[in-house]
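The values are calculated or read from the model by the stated rules, or taken from the named source; none is laboratory data. What you are looking at is a predicted structure, and each value in this text was computed from that prediction instead of being measured. Neighbour counts are summed over all protein chains in view; Cβ atoms, including those assigned to glycine, are modelled from backbone coordinates with ideal geometry.
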Amino acid sequence: MKILELGKTKEQWTIQHRCTGWGGDNEGCEALLEIDWNDLRYRPGYFDEKCDCNPTVCFKCPCCDQVTYLGMNDWPKGHRKLQKWTVEWHDAQDQAA
């Protein structure tokens, strides 16, 4: 995504990444995207009877609506301050695509 005007963040953070989806039947479309801070979502890790889940940082592809998880080496500094992953965000279809 192209930055037209810097927001509140002091550091500009972007990464180029392909849409890979997260596995299983949810394969990504392989679009090459420029992702910025506002495109990412953070999901804290948790443990319950169904899941021992690690924290994740992810984005949703505007082309195919698949979610791709970034490897930890690609997480921005201060990732815990990202917008939180929600079921509503995950399930929403991108109306702009």
Over the stretch 33-92, the set of residues free of Cβ contacts under 8 Å to residues at least 40 places away in the same chain and of a type in the set (Asp, Glu) is GLU34, ASP36, ASP39, ASP48, GLU49, ASP52, ASP65, GLU88, ASP91
Okay, strands (runs of 3 or more DSSP E) sitting entirely in the stretch 9-97 with 3 or more residues that are modelled with pLDDT under 90, of a type in the set (S, T, N, Q) and on the phi > 0 side of the Ramachandran plot, I get none
